[in-house]
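Have a look at the structure below before the remarks.
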Amino acid sequence: RLPAPGRQLAVGGLVGSSDAVLVASLATRFPTRFILVVTDALPDAERWLADIETLAELPVALYPPREGFGEAEPHMEVAGERVETLERLMRGDLRILFTTSRAILEKTRMARALAHLRVELRKGGVHKLGELAKHLEAIGFERVPMVDDVAQFSIRGGIFDVYSFGMADPVRAEFWGDEIVDLKHFDLNSQRSTRAVDFALVLPVDGHVPEDDAA
């Protein structure tokens, strides 16, 4: 059972993964509730995540603390997981969120600005390549001759390649003027287009919020 609003219920004596069993049971019994699990350290949060994923098929995610100083996270893996989790949280796609006491104390402007910073690519959509490139650089992407890692993009004539956090594979958009006439995933090793896709979401790099989007 859950305590009444404004009250707390202490639970002790939970050994091994029995704490995760309890949370999985509560999430199953109360399907409309959002559950936040805060741990002292990141390894504990990662253990919780692994246990819950084994116990129940629920939309869960980890929001790790920064590993660097300042608002911009220098480690791409951490930056990607943080912004992916925030994006899922903002659209209501999570039932259980795991994080640490330090992570919830860290201030970030990303959550408020995320809706304005993300870029949606669709076949038939219209974007000016120059403005698109300027925006991606402002939100932490690196412009390169050829994309070979996350948080990178390239432009060759009317071909726009981008690899964002949350993408299983990088995406290639073929432009005719300002219109996207073809949108496909491509292979990093061969650089050849693979399967077609109708929609691709480009997420900003954690900590890179232009001042105009900070309010």
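Spin-label model, MET146 to ARG102: label points 7 Å out along the Cα-to-beta-carbon direction sit 3.9 nm apart. Length available on full extension from LEU22 to ARG195: 0.36 nm per residue minus the Cα-Cα distance, which gives 58.1 nm.
Looking only at the range 158-200, which residues have a backbone nitrogen under 14 Å from a spot 7 Å from the Cα of VAL126 in the C-beta direction? So the set is 176-181. Surface exposure of the chain, expressed per residue as accessible area with a 1.4 Å probe, stands at 56 Å². The stretch between GLU77 and ASP187 holds 37.6 nm of extra length on full extension. This uses 0.36 nm per residue minus the Cα-Cα distance. In the chain, Cα pairs under 8 Å separated by at least six residues give a relative contact order of 19 percent. Nonpolar atom fraction for the range 164-206, defined as the carbon and sulfur part of the 1.4 Å probe accessible area, stands at 45 percent. Residues in the range 155-162 carry Karplus couplings, in order, of 10, 10, x, x, 9, 10, 10, 8 Hz; the curve used is 6.51 cos²θ - 1.76 cosθ + 1.60 with θ = phi - 60°, and Gly or Pro positions show x.
If you take the beta carbon distance between GLN8 and GLU57 as r and set R0 to 30 Å, what does 1/(1 + (r/R0)^6) give as a FRET efficiency, to the nearest 0.05? Once rounded, the FRET efficiency stands at 0.55. Give the range of the longest stretch in the chain that excludes all trypsin sites (Lys or Arg not before Pro) found in loop regions by DSSP and having at most 10 other beta-carbon atoms within 10 Å. Of all site-free stretches, the longest is 108-191.
Taking a point 7 Å from the Cα of ASP169 along the Cα-to-Cβ direction, the residues of the range 184-198 with backbone N closer than 12 Å to it are 184-197.
Within the accessible surface of the range 1-131, defined with a 1.4 Å probe on protein heavy atoms only, the carbon and sulfur portion equals 54 percent. How high is the FRET efficiency between ALA50 and GLU137 when r is their beta carbon distance and R₀ equals 41 Å, given to the nearest 0.05? E between ALA50 and GLU137, to the nearest 0.05, is 0.65. Computed from the C-beta positions of ASP40 and LEU89, the FRET efficiency with R₀ = 25 Å rounds to 0.70.
The values are calculated or read from the model by the stated rules, or taken from the named source; none is laboratory data. Keep in mind the model is a prediction, meaning the values are calculated, not measured. Every residue, glycine among them, receives a Cβ derived from its backbone with ideal geometry; neighbour counts consider all protein chains shown. Remember, those area values only see protein heavy atoms, side chains included, never the ligands or the DNA or RNA. Shrake-Rupley method; radii C 1.70, N 1.55, O 1.52, S 1.80 Å.
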